[in-house]
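Taking it in order: structure first as structure tokens, then the write-up.
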Amino acid sequence: MGTLVACWFAVVILVIVGLYGGVDGAYVKYNTCAGVVEGKLNVHLVPHSHNDVGWLKTIDQYYVGSNNSIQGACVENVLDSVIEALARDPNRKFVFAEMAFFQRWWLEQSPEMQELVRKLVNAGQLEFINGGWCMHDEATTHYIDMIDQTTLGHGLIKSEFNKVPRVGWQIDPFGHSAVQAYLLGAEVGFNSLHFARIDYQDRAKRKDDKSLEVIWRGSKTFGSSSQIFTNVFPDHYGPPEDGFTIAIFILQDNTLLYDYNVEIRVNDFISAAMTQANVTRTNHIMWTMGEDFTYQYAESWFKQMDKFIHYVNKDGRVNALYSTPSIYVDAKNAENVSWPLKTDDYLPYADREDAYWTGFFTSRPALKRYVRMLSGYYLAARQLEFLVGRRSSGPSTYGLGDALGIAQHHDALTGTAKQHTTNDYEKRLAIGASEAEAVVDNALSCLVSKNPGGQCSSPALNFSQCQLLNISFCPATEEDIPDGKSLVVLAYNSLGWNRTDIIRIPVTDSNFVVRDSSGYTVEAQFVDLDNVTINLRNFYVKAYLGLSPKQVPKYWLLFQVSLPPLGWNTYFISKTAKEGKTTTSFVSTLGNPQNDTIEVGPGDLKMLFSSTSGQLVRIYNSKMGVDVPVQQSYLYYASSVGDADNPQASGAYIFRPDELRPTIVSRKVPMKVVRGPLVDEVHQQFSSWIYQVTRLHKDKEHADVEFTIGPIPTDDGVGKEVITQMTANMATEKTFYTDSNGRDFIKRVRDYRPDWSLTVTEPVAGNYYPINLGIFTMDNKTEFSVLVDRAAGGASIKDGQIELMLHRRILADDSRGVGEPLDEIVCIANNSTCEGLTVRGHYYIGINKPGTGARWRRTTGQEVYSPLVLAFAHEKMEDWTASHVTTATTMDSSYSLPQNVALITLQELDDGSALLRLAHLYEPGEDAEYSTLTKVELKKMFAGRTIKEVKEMSLSANQEKSEMKRMTWKVEGEVVAEPTPLRGGPVAMSDLVVELGPMEIRTFLLKF
């Protein structure tokens, strides 16, 4: 019987081998030259490796392959191995995205290897897709940072290969923004956008109606003119889940070896292809052939794909081919079919029930603030570097740009990397900031010098800056001023508008007078330094600098400054003969008020606080005629650790509260009130670990709320996710608005998604959205807005209510790969003293009549993003004014940019040309005056320079705007032509006037 079975089995094998063929132990050349075949299902195999720019390991550990006890990953091996494998067969292809890794590898290669790579790129075998420094996050990033890091990568590709990426490849970020689609997609010249992560309910619905692939119009303003073909993968960004990860399940075609399986594997391939074909449209499907850090031994992947292409095509039922997303989308476009329309965004993201990835909107808030602060500083530093000319050697802004580019990665700024990796991101940022600080010091020294040209190469001034000013550490302002000298305060304004602001610096006594550059006395106010700030200062200066401050300042010195656009002003602080000048204001504390409420505010905006509870009860602005009852409290959600029914815990990625109602921190709040000519302050101690100072400035139409939260107590074994909650007496009908990457505002409706019928499983976490600029809500009487100083999560869980999550400390991991609880600890004295992270920051509250809040949001948002750059020195006022330019603008003295335009890039490039980006700040209909076509006069903006050439470029400046080609797509059900968006016309060399329509960003290369 055994012999008969064996003979029968041998016959079957012979028949199968006859049909499909086999190796017979000898060399065989697989036929891999397949292209697209009409009339067949075409399976586009796209080889790729997803390489996180830091996550479980640091970027450099990932590159060189060290620290493999955490994860066996080496990007250097990936690139070495892929290039070798591609060179073996001209039909093979590979796509690569993360240029921070590629740059490290490229610089190490021999001229011969670089020439080979150029040949592979020119032949289309190696294609750069996405092409940014990293694969940036889309929820917590600011649009300027997204543009900058993309420009950095695209510049490398252009300079080394003269290529322009066509494909957006955002396969791993945790949800996808409208700004990504239209701005970082269509406006950089991409024809398509591809990704994996969308809400599990949305994916199921899209599979059913074959709408995974759509035409995405992310911009209400630009509509079809900035649309992009968008491909959502059926599952994840790896091969089909039923056995096509090559390392796991291989095709064995050697008939002399056991486990010959060609027919089985071909049938598996065809079955998987048919399954995917049933959820998409046309005869083209894409298989993403790769995973995290795959292709470290590339031949193992390519050899299996060679076999599959050979045998599947020999079978003939479907057609398999090596492909790229570009080839795939060209094939889709050629089919000339209609596609579903998508608007708005793909946020928030949940991968299953009770697992909303909305925690990372806030995770690691100190890192988020550091990145946002340095982003504005990088913008200013590049301006100053341009204004005085880039140096061929010495400090530059490149290091900060590199560090910020890495920090936009979807496991960096998000707060979802391991702690040691996060430390590495922060170290890179600190080193880059230090070098940029030297650039700023040198540039300011040069700009303010009255010496004739050529004296800028070695400035004699010794400026200092204070990166820890928020915790009152600024040695330059605390030191004794030498006799006869003044503390020189030089303030630079990186905005293109005139600006008035309040400077706050720590000083040791109140025996000072402030003068402007003309010698006039400036009104000043002294405010006692509070104990919370003193304690923060003492601990964190030791933690960050390893120093113990020599002394503790007694006061904040406040004074108002006025600055010209793209310019500076100088102020002088000198000792006075005695204390108690008329311009000095001291702390007044709350006594026993006669009334139930206390009114605060030196200007038109007033806040009323209860004298019994110590909490806010009302905000009104008599000038605007707006009056609204408002309560504000701090609360926390207890973090879920999972339960028997559902093990899902809250963690770095996921927000899952243990209960729907947050716990209030305090119902009765001790407070004190500080009054003065410039600012009124309300200090509230909500608990031993939450302190708040609300400031109302004389000339500002908003409240500046400074919070200090931490260390969050966890000795009760409960993780806590801390929110500030503002409840206004407003009928908002479930509706609120949040920004998309600091740019457009998107309408949100509680417990609702426009694309599918939402099943609500998490009524709190499922209604959280990312905030980068602000959140607002309105009714028929009031528009209530809150702006932020960093990325954060926010929501309106009840009508009239806005909440922001400001800090998180969690004791469990949420099982999404990072393998650590989000429990940030800060240590001093060689780790002998440690405590949970304390976070200090600001949010800003504005009230307006309905439809009028945009002007405040847009203007204040720019001021928050671009604070004044302050530099300090010591010198006699008379000597300084005699030898320095104390106030000036770098533009024409009579000119400023329009109030609806922001200068978002001014940078000198390697070839000496200037990169200029101008952004219109308003959407159509946002503001009656400012949501209009506006003009910028380049001749006046660059007064003193002659512009010889102006080229308008794509957003990432890697191709001329006139050369950009857009694909045409049909959209289902579209019969009515949409209105043409308002865009600026060409720039004439005769007048050099740039027009900008609402929401338009224009990019130029200038030669002088």
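When every Cα-Cα distance of the chain is counted in 20 angstrom steps from zero, the calculated P(r) takes the values 12, 43, 33, 10, 2, 0 percent. Find how many whole Å separate the alpha carbon centroid of the range 123-159 from the alpha carbon centroid of the range 295-358. Each part's Cα centre sits 21 Å from the other's. The long axis of helix 854-865 is offset from the longest Cα principal axis of the chain by roughly 90 degrees. When a/c reaches 1.5 or more, the comparison of a/b and b/c decides; with that in mind, is the range 293-353 rounded, prolate or oblate per its Cα gyration tensor? Oblate is the answer for the range 293-353, as a/c is 1.5 or above yet b/c matches or exceeds a/b. Among residues other than Ile828 with Cβ under 14 Å from its Cβ, the summed charge is +1 (Lys and Arg +1, Asp and Glu -1).
Counted over the range 42-336, the DSSP beta bridges are approximately 15% antiparallel.
Sort the range 42-336 into rounded, prolate or oblate with this rule: let a ≥ b ≥ c be the square roots of the eigenvalues of the Cα gyration tensor; rounded if a/c is under 1.5, and if a/c is not under 1.5, prolate when a/b is larger than b/c, oblate otherwise. Judged from the Cα gyration tensor, the range 42-336 comes out oblate (a/c at least 1.5, b/c at or above a/b).
Relative contact order of the chain: 13 percent, from C-alpha pairs under 8 Å at least 6 residues apart in sequence. Seen through its C-alpha gyration tensor, with square-root eigenvalues sorted a ≥ b ≥ c, the range 632-850 comes out oblate because a/c lies at 1.5 or above while a/b is not bigger than b/c. Listed by chain and number, the lysines whose C-alpha is less than 23 Å from the C-alpha of Lys314, apart from same-chain residues fewer than 8 away, are Lys29, Lys40, Lys93, Lys303. For Phe161, the solvent-accessible surface with a 1.4 Å probe is about 20 Å², rounded to the nearest 10.
To put it simply, the accessible area of the range 42-336 at a 1.4 Å probe is 50 percent carbon and sulfur.
Of the listed residues Tyr520, Tyr63, the order by accessible area with a 1.4 Å probe, largest first, is Tyr520, Tyr63.
Counting alpha carbon pairs within less than 8 Å and at least 6 residues apart, what relative contact order, in whole percent, applies to the range 730-810? So the answer I get is 32 percent. Spin-label model, Glu820 to Glu599: label points 7 Å out along the Cα-to-beta-carbon direction sit 5.2 nm apart.
Cross-link candidates for Lys623: which aspartates and glutamates have Cα within less than 20 Å, leaving aside residues fewer than 8 places away along the same chain? Partners found: Glu599, Asp604, Asp680, Asp699, Glu701, Asp704, Asp779, Glu783, Asp927, Glu929. Within the accessible surface of the range 632-850, defined with a 1.4 Å probe on protein heavy atoms only, the carbon and sulfur portion equals 47 percent.
Looking at the chain alone, DSSP beta bridges between its own residues are antiparallel in about 85 percent of cases. Using the alpha-carbon atoms, what tilt in degrees (0 to 90, nearest 10) does helix 398-407 show relative to the longest principal axis of the chain? So the inclination is approximately 60 degrees.
Under a straight-distance cross-link criterion of Cα-Cα below 24 Å, which lysines are reachable from Lys418, leaving out those fewer than 8 residues away in the same chain? Once the sequence-local lysines are set aside, what remains near Lys418 is Lys57, Lys368, Lys427, Lys542, Lys720. Per-residue surface analysis assigns Trp55 an accessible area of about 30 Å², computed on protein heavy atoms at 1.4 Å probe radius. Across the protein chains, with a 1.4 Å probe defining accessible surface, the residues Ser639, Ser518 rank Ser518, Ser639 from largest area downward.
Relative contact order of the range 901-1007, taken over Cα pairs closer than 8 Å and 6 or more residues apart, is 41 percent. Accessible surface of His310 in the full protein assembly, 1.4 angstrom probe, to the nearest 10 Å²? Accessible area, nearest 10 Å²: 40 Å². Between Phe1008 and Ser464, what is the FRET efficiency for a Förster distance of 35 Å, r being their Cβ-Cβ separation, to the nearest 0.05? For Phe1008 and Ser464, the calculated efficiency is 0.65. Remark: the chain carries 37 Å² of accessible area per residue (probe radius 1.4 Å; ligands, DNA and RNA excluded). Helix 325-334 and the longest principal axis of the Cα set of the chain meet at an angle near 70°. When all protein chains stay in place and ligands, DNA and RNA are ignored, the 1.4 Å accessible-area order of Val117, Val993, largest first, is Val993, Val117. Electrostatic tally near Leu837: other residues with Cβ closer than 15 Å to its Cβ, Lys and Arg +1, Asp and Glu -1, net +3.
Taken over the range 901-1007, lysine pairs spaced eight or more positions apart, or on distinct chains, with alpha carbons under 22 Å apart number 17.
The values are calculated or read from the model by the stated rules, or taken from the named source; none is laboratory data. Computed from a prediction, not measured in an experiment: that's the story for all the values here. All Cβ positions, glycine included, derive from the backbone under ideal geometry; neighbour counts span all protein chains shown. Please note that ligands, DNA and RNA were not included when accessible areas were found on the heavy atoms of the full protein model with its side chains. Shrake-Rupley method; radii C 1.70, N 1.55, O 1.52, S 1.80 Å.
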